[in-house]
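S.K.: Shown below is the structure under consideration.
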Amino acid sequence: MDSESSDRYVSSTVEQSVKILVVGAFGVGKTTLIGSVSEIMPLRTEETMTAASVGVDSLAGLDSKSTTTVAMDFGRITISPEIVLYLFGTPGQKRFWNLWEGLSDGSVGALVIVDPRRLEDSFEVFDQLELRTRIPFAVAVNEFPDSPRYEPEQLRDALDLLPETPVVYCDARRREDSANALVTLVQHALEVRKQSKALA
């Protein structure tokens, strides 16, 4: 079996598969992150943006963006010999938010990607995440070349995050950064689950 075809199959050592949501506002880098880290060819449902999106999808600060996700992105990453993550990226536009509830079924957590140049675009994302999914989440700050630099506590204040919510910085184009953000989320979700069991 060649290496290309072997990537299509999960290793026989894997004992646990984990479903993860990758969410965020329009244009923050969800598709990019999944593409950078997936060990299989990611499934993408991107379509070219048309005149119909004018006045609906704001391209402020996104001058080079010409496509958008209309259903979901899907990828897979093995983070240890025993654990594989299945990644489901959600569309960022409000008109697609009703998809989040179905995609969140069975998810252990969500990685929320934010663009530090447009933090205000993320406020409603957090509201929807808490309203529609009620699953643990971590925040990945996607650092674009022209991004302002915020300290973690500044971001927590701006985004009204709980102290225990993990915040990591990443370049969504880099596999190592993306993998680190996902591992941080999984560790947080496992800790939340452990605490819930202890209180039960």
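S.K.: What number of residues within segment 110-119 are assigned to a loop (DSSP other than H, G, I, E, B) and either open to solvent by less than 10 Å² (accessible area, probe 1.4 Å) or of a type in the set (Gly, Ala, Ser) (or both)?
M.R.: Residues flagged as assigned to a loop (DSSP other than H, G, I, E, B) and either open to solvent by less than 10 Å² (accessible area, probe 1.4 Å) or of a type in the set (Gly, Ala, Ser) (or both) within segment 110-119 amount to 2.
S.K.: Sticking with this structure for a sec: Among the residues in segment 130-148, are any free of Cβ contacts under 8 Å to residues at least 40 places away in the same chain, in a loop (DSSP other than H, G, I, E, B) and on the phi > 0 side of the Ramachandran plot?
M.R.: Looking for residues that are free of Cβ contacts under 8 Å to residues at least 40 places away in the same chain, in a loop (DSSP other than H, G, I, E, B) and on the phi > 0 side of the Ramachandran plot, one finds at least one in segment 130-148, hence yes.
S.K.: Does Ser122 qualify as being assigned to a helix (DSSP H, G or I), open to solvent by less than 20 Å² (accessible area, probe 1.4 Å), under 15 Å from Leu85 (Cα atoms) and in contact with a strand residue (DSSP E or B) (Cβ under 7 Å, 6 or more places away or on another chain)?
M.R.: Judged against the criteria, Ser122 is not a match.
S.K.: How many residues, within segment 101-114, are of a type outside the set (Gly, Ala, Ser) and within 12 Å of the chain's Cα centre (by Cα)?
M.R.: 4
S.K.: While we're here: Which condition does Ala198 not pass, out of (1) small (Gly, Ala, Ser); (2) crowded, with 16+ Cβ neighbours inside 10 Å; (3) over 20 Å from Thr31 (Cβ atoms), if it passes all the others?
M.R.: Of everything listed in (1) small (Gly, Ala, Ser); (2) crowded, with 16+ Cβ neighbours inside 10 Å; (3) over 20 Å from Thr31 (Cβ atoms), Ala198 misses just condition (2).
S.K.: Any chance segment 125-137 includes a residue that's surrounded by fewer than 16 Cβ atoms within 10 Å (Cβ to Cβ) and at pLDDT 95 or above?
M.R.: Checked against the condition, which is being surrounded by fewer than 16 Cβ atoms within 10 Å (Cβ to Cβ) and at pLDDT 95 or above, segment 125-137 yields no hits at all.
S.K.: Given the conditions (1) surrounded by 19 or more Cβ atoms within 10 Å (Cβ to Cβ); (2) at pLDDT 95 or above, and given that Tyr169 satisfies all but one, which numbered condition is not satisfied?
M.R.: Against the list (1) surrounded by 19 or more Cβ atoms within 10 Å (Cβ to Cβ); (2) at pLDDT 95 or above, Tyr169 comes up short only on (1).
S.K.: Of the residues that make up segment 95-109, is at least one open to solvent by 20 Å² or more (accessible area, probe 1.4 Å), on the phi > 0 side of the Ramachandran plot and modelled with pLDDT of 85 or more?
M.R.: yes
The values are calculated or read from the model by the stated rules, or taken from the named source; none is laboratory data. None of these values were measured; they are calculated from a predicted model. Every residue, glycine as well, gets a Cβ built from its backbone with ideal geometry; the counts of neighbours run over all protein chains shown. Ligands, DNA and RNA are stripped out before the accessible areas are found, and what is left, the full protein with its side chains, is counted by its heavy atoms. Shrake-Rupley method; radii C 1.70, N 1.55, O 1.52, S 1.80 Å.
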